[in-house]
Structure formats: C-alpha cells, structure tokens
1. Quick check: the distance between the Cα centres of the stretch 220-262 and the stretch 331-396, to the nearest angstrom?
2. What part of the accessible area of the stretch 69-120, given as a whole %, is carbon or sulfur when the probe is 1.4 angstrom?
3. With the cut-off at 1.5 for a/c, could you classify the stretch 23-143 from its C-alpha gyration tensor as rounded, prolate or oblate?
4. Run the numbers on the chain and let me know its relative contact order in percent, using alpha-carbon pairs under 8 Å that are six or more apart.
5. Evaluate Rg over Rh across the stretch 61-284, taking Cα atoms for both radii and Kirkwood's formula for Rh.
6. Which cross-chain or sequence-distant (5 or more) residues have an amide H under 5 Å from the amide H of Val356, H modelled 1.01 Å from N in plane?
7. Using alpha-carbon positions, what is the distance between the centroids of the stretch 76-118 and the stretch 288-309, in Å?
8. Distance between Cα centroids, the stretch 267-287 to the stretch 1-62: provide it in whole Å.
Amino acid sequence: MRLSERLESMEESATLLMAQLARDRKAAGKDVISLSLGEPDFDTPESIKEAAWRALQDGHTKYTPVPGIPALREAIAEKFRTENKLPYRAENIVVSNGAKQCIANVCLSLINPGDEVILLAPYWVSYVEIVRLAGGVPVELSAGVETDYKVTAEQLADAITDKTRLIIFSSPCNPTGSVFTEQELRAIAGVVLEDPDLMILSDEIYEYINFHRDYFSIGAVEGMEKRTITVNGFSKGFAMTGWRLGYMGAPDWLAAACAKVQGQFTSGANSFSQQAAVFALENSKKEVGEMREVFRKRKDLVVSGLSQIPGLKVNDPMGAFYVFPEAVDLVGKSYNGRILNSVDDFCMLLLEEKGVAVVPGAAFGAPNCFRISYAASEEELSRALDLMGDLVNSLD
Ligand SMILES: Cc1ncc(COP(=O)(O)O)c(C=O)c1O
C-alpha cells in the first residue's frame, strides 16, 4: 500500500511536534514549561458558553446551511462594515470550521497547478502546506527583526511574476506578533491593484489581540474590496479554539466558490457554536478587552526579559501572543562540548536541559529565530525567562 504523492510531501506541524515532545517529557515525570502552543490559556467567557447551552436546549442540533446560519452571516457582515470599513453583506460571508478551513477553501477555489502564491515570511506554518495541497507553488518573501519582520511593498512588487495569483499574510502576525500599519498596508494595496489578476488573503484572526489603538484592514483601501479575502474567527480573541469557528469575507463569486468546496468536504459549521458566536460578536467585547490587557502585560514582561539575554534580538510585537527572538548569534556556541549547529539545536537543548518548550523558527520560514507563546501565566513566563537566561549564559 502507498500514500498519495500529495501526502508524502506534506510536512508535520512543527508546533504540534514540539507540544508533543513537551507532553512526553511531562509524562516521564519531568518539569516542563510549554510556551509552544498557539492557543489562549483562558477559558471561553462563561456567557458565551451559556449561549451555546441555550442553543442546544432550543433544539439547534441539526445541519446548518453550508455558508453559515443567516443570523451569524448578518452579524459578521455588520462587524466587518462597522469595525473594519469593509463593504460586505451576508452574501459575501462564509462561516467555516475554523479560519484554517477558510484558508483551505480559498486556496482550493483560486489556485491552479503551478500558480505562485507569495507568503510574507515569517508566516504561519499551515499556509505552505495548504498552498501545496491546492497545487500552488509557495514563494517566500522574508523580513527580519530589524524591519519588525515586515516585508515592504517594494519587495512585493519585485517578487510578482505573471504566475502570481495570491498573496497571503497575517496581521497581527503569527509567529512575530507584528502588526502592519495603515500606511504599510496602503502601499501593499497599491502593488496589488496594479495587477488585475492578483488577490490577497488578509488573515486577521488575531485582530482583537492588538495593542495598537487602531486596526486597519487592507480590504478597506478603495478598490481592494474586489481583491481581498478577509479571514477572521473566534479561536483567538474570544478564546474559543475548540469551538472550531472561523469566517471570511470575499467578493460574491469567491464566497460562492468557497461554499461549494465546503459543501463537499464538511458542510456547514457546528450549529450551537454558530448560535453562541452571534451572541459573542454582539456581547463579549468587554471580556475580549480584559484578555487583551492580560496579554499586553505579559508581552511587556517577556520582551523586557528577552532583551536582557545576550545573543537574542527582539522587536516589540504589537499583537497576537507571540514573541519571535532572533537567535542566530547563539549558533556555533557549545554546551558541555555539544556544538549548536542551528537555532533548532538551541530549542532542543532548552527543552532537554531546562524543560522549556518553544518552537524553532524554521517551520515559519525563519530558521534564525524561535517562537515563544506567552499564552501562559506570568509566573511560568518569569521562570522560563530565568531558565533561558541561565542556559544562554552557560554557553561557551
Ligand atoms: C495566523 C493563523 N491563522 C489561522 C489560524 C487557524 O485558526 P482556527 O482555529 O480558526 O482554525 C491560526 C491558528 O493558530 C493562526 O495562527
């Protein structure tokens, strides 16, 4: 028996791999602080859970319309119009089993074999594999810590070829936490608008974990509503990862195509999650804001701790719950005679010697860096920073 070529060439998720190593260590009775997962450590706000419970009691237990229940599509369109200045109506909205499925629907709907998809690196791990599954060719454009990990419009313009079909980026970004400003996004939009066949997918799943006062969506630039797919969801901002609910806004023709794909793969998203999501969008901004403030405090703690560790370079991330230090200066150093040949080696050493799990940057298209998730308590974060500092200071 054999697997398909499509599957043989697919990479395992590095984030999940690191989380598994951390769990194995814990199961063996060893101490572990896991800073590897992309998931808020908060529980879903109680009132949202109650809304789901009410929905179950009211009998919302059946299949749902493929693109989402009308009340949720309306509520999302309203959110996009008022908060993001995106002119979407319910027909432009597709609700899916997580933002991940929205991205897969878009790639399967837009990409032909051989089409190029530009990924702004560092990027979220799954983009590469989803693009490949759809037959596309991922093209990475990179930016480093010195430019806040943000690719410029000029870099983008230089990378576009007649095969480029789609650009994908996230802001706030996983793994860097960087947030593009309105000015930067307007410059990028200018490049997209010059090419009539080009679309851009703006992954805004961390929108509500944003320490900038304002948030700007690239689809709000004049003319970009026809060229943008805006992806968002409930997993991060509302601490609802397990509910599996994401959504996108896109031009009518593409929204209809995505619903067609989803209709064959999974049908409509969970019935009572969708009912609770209507409640969340309309009633839970206070809890969302409280969680954001906790994240902001932790971010300050982590950035200040990391800046005191020699050999690590950090930016000041304005969103999400990640910090992405550059650690290339540690490569070539050694620990008890063991030479570090890569930042990956440093991450393994950190887990083995100090019990701190982080994710190596290679999977995010940035092998000189590693990702710390600060979805953990301040106490755990302080301990992890001390342990990391001890390890780095003991390198020869
Ligand atoms: C940038 C980014 N986009 C999308 C997702 C997927 O979110 P969901 O849980 O809604 O599928 C994640 C989750 O880690 C993410 O970090």
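The values are calculated or read from the model by the stated rules, or taken from the named source; none is laboratory data. All values derive from a computational prediction rather than experimental measurement. No Cβ is skipped: glycine too gets one built from the backbone with ideal geometry, and neighbour counts run over all protein chains shown. Keep in mind that these areas ignore ligands, DNA and RNA; they rest on the heavy atoms of the full protein, side chains included. Shrake-Rupley method; radii C 1.70, N 1.55, O 1.52, S 1.80 Å.
1. Between the Cα centres of the stretch 220-262 and the stretch 331-396 lies a distance of 35 Å.
2. Solvent-exposed carbon and sulfur of the stretch 69-120 make up 52 percent of the total.
3. Working: a/c = 1.96, a/b = 1.06, b/c = 1.84.
Because a/c hits 1.5 or more and a/b fails to exceed b/c, the stretch 23-143 counts as oblate.
4. 23 percent
5. Working: Rg = 16.3 Å, Rh = 17.4 Å.
Using only Cα positions, Rg/Rh for the stretch 61-284 is 0.94.
6. Those qualifying (amide H under 5 Å, at least 5 residues apart or on another chain) are Ile33, Leu351.
7. Cα centroid of the stretch 76-118 versus Cα centroid of the stretch 288-309: 30 Å apart.
8. Computed from Cα coordinates, the inter-centre distance equals 19 Å.
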